[in-house]
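Reading through the structure tokens given below for one structure.
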Amino acid sequence: MCGIVGIVQQKKTKIGKDIVDALTRLEYRGYDSVGIASISNGKILITKDEGKIAEVVEKVNIGNIIGKIAIGHTRWATHGPPSKENAHPHTDCSGEISVIHNGIIENFQQLKEELVNQGHVFQSDTDTEIIPHMIEHLIKKNGLTLKDAIIQTVKRIEGTFAICVVSNLDPDKIYCAKRDSPLVIGINSDRMFCASDIPAFLTQTRKVVLLHDEEFVTLSYDGYEIINFNTMKEVIRKPHIVSWKPEMAQKAGFPHFMLKEIHEQPNSLADYIRIKQPSLSKITEKLYNAKKIFLLAAGTAHYSTLTGEQLIRKYAEKPATSIISSEYESISSLIDEDTVILPVSQSGETMDTIMAIKHAKDLGATILSAVNVIGSTITRYSDEVLYLYAGPEIGVAATKTYTAQTISMWDIGLELGKISGKINNAEYTEARELFNKIPSVVKQTIVRNEARTNHIASWFAKKNSSFYLGRNLNLQTAKEGALKMKEIAYIHSEAYPAGESKHGPIALVEEDYPIVFVTPNDQSHKRIISNIMEMKARGATAIAVLEEGDKEIGELAKWKLEIPKGCSEMFATIPYVVPLQLLAYYTATRKGLDCDRPRSLAKAVTVL
Ligand code: M6R
């Protein structure tokens, strides 16, 4: 996920300042590096650097750039760590064509090899840089116009993209194209905008045109022309007026980033599945050959490692152990060259985890991590990294990154099962088919449970304490659900193995005490029914996260949060957590709390 913006206007103004303002409103899309390409005296001028917008503006003075045309980019690293070289815009060899891009080019390795063989010299590790070089090649070797060269280039690209191109070969136009990544046009009387998202230009205009996939746009200060780049047919689309306020638009119409990020999960999980990472096979092979395996993480990430621990034990038959990073001391004497450490982290900057892996690395351990933020400290200490590709998460409470962490554990688990023979070929193919369906199950789960959780929240918001009970892999789901309720709704919530709850916690249960049961239709089903009965006998009110049509549990629970039928039992931990995220969110909002900034919590905990 990156933010892109372009402006083309009739008069020369301080266009750099307008690009910076627009990028600032898109900073939630990425904040690793910033760059702008403008045209001055017939030449492209690139100004870019690593860092957040405010830092880069101070370092390289983007705000003072004057001109009629410019494109700008705020990056969320996917290919190559955050650095000046990897910052967009990227150019061709001659520096005449400049490109910004949001998305992922899946066939970039193959295209890059072709271009390198043809003599093109690359300056960055990004997938994006192949675009200006391909355009240059088609112009110089095949004699195409700039416009046709861009169209031919996007036709060859596999993957997702929203791109903007400027060139001194055609200095009054911005060319754009899109597939799967967002791109919108904003219209003013003497200037036109293109951007990843409406807030970028909302202070300037509310007149917008939304672009569709496979569309190519020519933007000049007095108009826009859309064609479908496959059929080459013109597309007539009139602008419409949006009623959003700038702050609403930044959250894509959602009142909080947390809710937006809950809703982004079908897409973030689909991104994770789509992007094939060579590190996956290296990681699984090293895990399979390891003598000792420890998974390290904090908070939400720790719950995902509890899934990882069980999957490694089951599929690789290895004694893997998940340890909370700040408790690393308890295993430090076991670390040696035969140890593999698997840290999991959204930020890649959690100090407890960093200190633990640093120590383990000094003792010769191999570090194989699963991390969301590319180029973060944990990735730099790692021998191999599996990226989560969840995009930036702004809400302090982890939501889409938890499901991304959990799916990455399943990815590793399935590969281990395949190597070890615990999963045969037919089972593997079937499991991968179900794995690919996870995003759509999550999407249906959100639709079914949004209103229900909002309704239950009005009752939950009056409570001071609750239990979350689950069994096996879904004990982790209960733990993550309870953490969400604690951290944003400030309601004491304790997760327990459902079977263990009668060994003490049950003493707290009284009339109308809230207990959330995570009850997938698996081998634990019968036993969890007994646990619900035990609690109900003491007056508890049961909320069950259950499979659609589960009558037995449905009759016991006062409130049902349904997961669509046919959700694989295997990957249940992913959809089953989603209603619990929504329940915590709506309970907190009923209490009038700011879910995105819960008290005393920080997004990345960089202290010990
Ligand atoms: O960035 P990390 O994944 O390493 O962060 C770990 C925890 O600090 C984090 O998951 C925390 O528990 C969140 N607030 C959970 O919502």
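The values are calculated or read from the model by the stated rules, or taken from the named source; none is laboratory data. Please read these numbers as outputs of a predicted model, since none were measured by experiment. Cβ atoms come from the backbone with ideal geometry, glycine included; neighbour counts cover every protein chain shown. Areas reflect the complete protein model, heavy atoms only, side chains present, ligands, DNA and RNA absent. Shrake-Rupley method; radii C 1.70, N 1.55, O 1.52, S 1.80 Å.
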Unique residue being assigned by TED's automatic domain parsing to the domain that holds T573, at pLDDT below 95 and either away from the ligand (no atom under 14 Å from the Cβ) or out of contact with any strand residue (DSSP E or B) (no Cβ under 6 Å at 6 or more places or on another chain) (or both) when the list is G470, G504: G504
Count of residues meeting criterion [more than 20 Å from R432 (Cβ to Cβ) and either free of Cβ contacts under 8 Å to residues at least 60 places away in the same chain or within 14 Å of the ligand (Cβ to nearest atom) (or both)] in region 563-593: 8
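Hey, does region 59-75 have a residue that's in contact with a Cys (Cβ under 8 Å, 6 or more places away or on another chain) and at pLDDT below 95?
The answer is yes; a qualifying residue exists.
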Test: residue in region 340-360 that is free of Cβ contacts under 8 Å to residues at least 40 places away in the same chain, within 11 Å of the ligand (Cβ to nearest atom), out of contact with any His (no Cβ under 9 Å at 6 or more places or on another chain) and not basic (K, R): yes
Residue selected from region 361-378 under the condition within 16 Å of the ligand (Cβ to nearest atom) and among the polar types (S, T, N, Q), by the criterion farthest from K84 (Cα to Cα): S369
Options K52, K68, K48; residue that is among the charged types (D, E, K, R) and over 17 Å from I4 (Cβ atoms): K68
Every residue from region 86-107 that is part of a loop (DSSP other than H, G, I, E, B) and under 13 Å from R179 (Cα atoms): E106
Of the criteria (1) farther than 15 Å from N449 by Cα; (2) within 16 Å of the ligand (Cβ to nearest atom); (3) of a type in the set (S, T, N, Q), which one N531 fails: (2)
Any hit, region 477-484, residues being in contact with a Lys or Arg (Cβ under 7 Å, 6 or more places away or on another chain) and more than 18 Å from K558 (Cα to Cα): no
Of all residues in region 473-502 being open to solvent by 10 Å² or more (accessible area, probe 1.4 Å) and acidic (D, E), the one that is farthest from the chain's Cα centre (by Cα): E500
Test: residue in region 379-387 that is without any contact (Cβ under 8 Å) to a residue 40 or more places away in the chain, within 9 Å of the ligand (Cβ to nearest atom) and in the same structural domain as A298 (by TED's automatic domain parsing): no
Qualifying residue in region 314-321 (condition: surrounded by fewer than 22 Cβ atoms within 10 Å (Cβ to Cβ) and free of Cβ contacts under 8 Å to residues at least 12 places away in the same chain): no
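Kindly establish whether H73 is in contact with a strand residue (DSSP E or B) (Cβ under 9 Å, 6 or more places away or on another chain), open to solvent by 10 Å² or more (accessible area, probe 1.4 Å) and in contact (Cβ under 8 Å) with a residue 12 or more places away in the chain.
Values: in contact with a strand residue (DSSP E or B) (Cβ under 9 Å, 6 or more places away or on another chain): yes; open to solvent by 10 Å² or more (accessible area, probe 1.4 Å): no; in contact (Cβ under 8 Å) with a residue 12 or more places away in the chain: yes.
Answer is no for this residue.
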Count - residues of region 513-567 that are part of a helix (DSSP H, G or I) and not small (G, A, S): 16
Condition met for R452 (in contact (Cβ under 8 Å) with a residue 12 or more places away in the chain, more than 16 Å from the ligand (Cβ to nearest atom) and in the same structural domain as T541 (by TED's automatic domain parsing)): yes
Selection within region 272-322 - more than 16 Å from A365 (Cα to Cα) and among the hydroxyl-bearing types (S, T, Y): Y272, S279, S281, T300, Y303, S304, T305, T307, Y315
Residues satisfying the stated conditions in region 322-339, i.e. open to solvent by 10 Å² or more (accessible area, probe 1.4 Å) and within 16 Å of the ligand (Cβ to nearest atom): S322, I323, I324, S326, E327, Y328
Residue identified as surrounded by fewer than 21 Cβ atoms within 10 Å (Cβ to Cβ) and of a type in the set (A, V, I, L, M) among A572, A537, A542: A537
